[in-house]
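Let me begin by presenting the structure, written as C-alpha cells, before commenting on it.
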Amino acid sequence: MTQQVLVLPGDGIGPEITAEALKVLEALKISDGLDIEMSEDLVGGAAYDVHGVPLADETMEKAKAADAVLLGAVGGYKWESLDISVRPEKGLLRLRSEMQLFANLRPAFLFPQLANASTLKPEVVAGLDILIVRELTGGIYFGQPRGIRTLENGERQGFNTYVYSESEIKRIAHVAFQAAMKRNKKLTSVDKANVLEVTELWREIVNQIAPEYPEVEVKHMYVDNAAMQLVLNPKQFDVMVTGNMFGDILSDEASMLTGSIGMLASASLDSNNKGMYEPSHGSAPDIAGKNLANPLATILSAAMMLRYSLNREDLAVKIEAAVGKVLDQGLRTGDIFSEGMTKVSCSEMGDAVVAAL
Ligand code: NAD
C-alpha cells in the first residue's frame, strides 16, 4: 500500500534543505520502487503569515493521518516579537504533543571523513556513535502548574513543574532498551536523582525494567557528570536515555562532537513507530535563501524515516552509504569545509547524493 508522507518545509533554510531530501526520495521511487506519496503544507512562520497560527488545524489533521512527517525547520527574525502563543516553535510543539511523539532519537554519529571538523581532538571523537533517546512530551517543558505570579510582597516569581509519571518513564525506557539491543547493548540513564525526586523515580523505574533486557548493561549517571563525560570521553556511550530538558541540552552538546549541526538527523516517534523526522538544527536565518545550507541532516532524517516508519531499512542504509560516498569524494558545504576539499552549494550536495545512490 502506498504510504503517505507529509512534508513541512517551514522557514529559513527549511525549504532549501527539504527540497534536497525530496530529490533523494523521488530518485528512490524510480530506482527502488519506494511506494510513497508526498504532499506539502505550511508550518511555523510560513503558516503564521497565511493562517495567523503556526500550524493550521487542517495541517494538524493531515499530519495525524500521514504515515510520517518530514520537517525542515521553523523560526526566524521576522516572527521573534510575536506573542509566545503563536511563535513558530509552537507549531512544532503542537505537532509533537498531538501526534504523541514521546520518543526523540538523536544519533550523534561521526562520519570518519569529518573527524577533523570537530572542535575536539580527532582521537577523542573518531569512531563516535551515540544515540540519545530524549523524552519529548513530558517533564518540565509541559508540567503544570507553570507561569509567572506576583507574590504578596509585590515581587514576581517564575515557576515550572518537573513531573514524570511511571507510565511515561516506562515507555521511554523501553524505547531506549530496545534501541540498545539493536546496537552495542550499553545504556546510560541520565538523571539528577541526588537532588530531584522526579528523577529518583526515573532511576527506580529504569532499574525495574532492566531485568526484561538482561543483555543490556545499564549505568546511571548524574546529568552534570554526563555533560562532562561527553566531552572528556564520549566514546564510552552507546545509548543514553533521559528526560526532556536534560535531553535537549545533552543532545545539542553531543551534536557538536560530530563537527557540524548540519549533519545531524532526528526522529520523534509515537508508540506505533509513526513519526516526525527533522534535522537537529534550526532555520539558520543567517544563511537562508543563499543555497549555502548543508542538506545532509535532512537527507539523513529521511533515511531515519525509511528505517523507523516506512519499513525500508534497505533504503535507509542506501542513503547513508551515498552520504558517505559524497564525503569520500571530498564534497563539503561551507559548515564542514576544510582545506583541500571541494566546496559545494546546498543543491549541488543534494545532486551529488542522488548521483551516489
Ligand atoms: P540554528 O540551528 O538555526 O543556527 C545555528 C548556527 O548553525 C547558524 O550559524 C547557522 O547558520 C548554522 N546552521 C544551522 N543549520 C545549518 C545547516 N544545515 N547548514 C549550515 N549551517 C547551519 O539555531 P539558531 O540560530 O539558534 O536559531 C535560528 C532560528 O531557528 C530561531 O528562530 C530558532 O528559534 C529556530 N530553531 C528552530 C528549530 C527547529 O525548527 N527544530 C531548532 C532550533 C532553533
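Other residues lying with their Cβ under 15 Å from the Cβ of Pro88 contribute a combined charge of -2, Lys and Arg counting +1, Asp and Glu -1. Among the GluC sites (Glu not before Pro) in the range 275-357, those placed in a DSSP loop whose Cβ has at most 12 other Cβ atoms within 10 Å are Glu339. Ordering of 177-187, 104-114, 28-38 by packing is 104-114, 177-187, 28-38, highest average first (other Cβ atoms within 10 Å, averaged per residue). In a fully extended conformation the segment linking Glu89 and Glu26 would gain 19.8 nm over its present Cα-Cα distance, using 0.36 nm per residue. If a/c stays under 1.5 just call it rounded; otherwise compare a/b with b/c (prolate if a/b is bigger, oblate if not). Do that for the range 113-259, with a ≥ b ≥ c from the square roots of the Cα gyration tensor eigenvalues. Taking the square roots of the gyration eigenvalues as a ≥ b ≥ c, the range 113-259 is oblate.
Taking only alpha carbon atoms, the chain gives an Rg to Rh ratio of 0.97, where Rh is the Kirkwood radius. Using a Förster distance of 25 angstrom, determine the FRET efficiency expected from the C-beta separation of Val163 and Val50, and round it to 0.05. E between Val163 and Val50, to the nearest 0.05, is 0.10.
Assign one of three labels to the range 126-179, namely rounded, prolate or oblate, based on the Cα gyration tensor with a ≥ b ≥ c the square roots of its eigenvalues; rounded applies when a/c is under 1.5, prolate when it is not and a/b is larger than b/c, and oblate otherwise. It is oblate, given that a/c is not under 1.5 and a/b is not larger than b/c.
Dipole magnitude for the chain: computed about the Cα centre from +1 point charges on Lys and Arg Cβ and -1 point charges on Asp and Glu Cβ, it is near 460 debye.
Accessible surface of the chain, 1.4 Å probe: 51 percent of it comes from carbon and sulfur atoms. Place a point 7 Å from the Cα of Lys62 along the Cα-to-Cβ direction; which residues of the range 9-34 have their backbone N under 16 Å from it? Answer for the range 9-34: 9-11, 15, 18-19, 22.
With all protein chains kept in place, the per residue accessible area of the chain amounts to 44 square angstrom at a probe of 1.4 angstrom.
To the nearest whole percent, what portion of all C-alpha pairs in the range 152-194 is separated by more than 11 angstrom?
Values: 687 of 903 pairs.
That tail contains 76 percent of the Cα-Cα pairs.
Helices in the chain, meaning DSSP H runs of at least 4 residues, each add -39500 (n - 2.57). Divided by all residues, the mean residue ellipticity at 222 nm is -12500 deg cm²/dmol. Annotation for Glu217 and Gln229: the two label points, set 7 Å from Cα along the Cα-Cβ direction, are 1.1 nm apart. With the Cα gyration tensor of the range 13-120 giving a ≥ b ≥ c as the square roots of its eigenvalues, does the rule (a/c under 1.5 for rounded; else a/b larger than b/c for prolate; else oblate) give rounded, prolate or oblate? Because a/c hits 1.5 or more and a/b fails to exceed b/c, the range 13-120 counts as oblate. Students often get this wrong, so check it: of Lys274/Lys325; Lys170/Lys274; Lys121/Lys343; Lys29/Lys325, which have C-alpha atoms separated by over 27 Å? Over 27 Å Cα-Cα: Lys274/Lys325. Applying 1/(1 + (r/R0)^6) with R0 = 45 Å to the Cβ-Cβ distance of Leu151 and Glu98 gives a FRET efficiency near 0.80. Stretching the chain fully between Ala321 and Lys290 yields a gain of 8.4 nm (0.36 nm per residue, less the alpha carbon separation). Sorting 157-168, 87-98 by their mean Cβ neighbour count within 10 Å, with the most densely packed peptide first, gives 87-98, 157-168.
The values are calculated or read from the model by the stated rules, or taken from the named source; none is laboratory data. Note that the structure is predicted; figures quoted are calculated from it, not measured. We place every Cβ from the backbone using ideal geometry, glycine too, and count neighbours over all the protein chains shown. The area values use the complete protein model at the heavy-atom level, side chains included, leaving out ligands, DNA and RNA. Shrake-Rupley method; radii C 1.70, N 1.55, O 1.52, S 1.80 Å.
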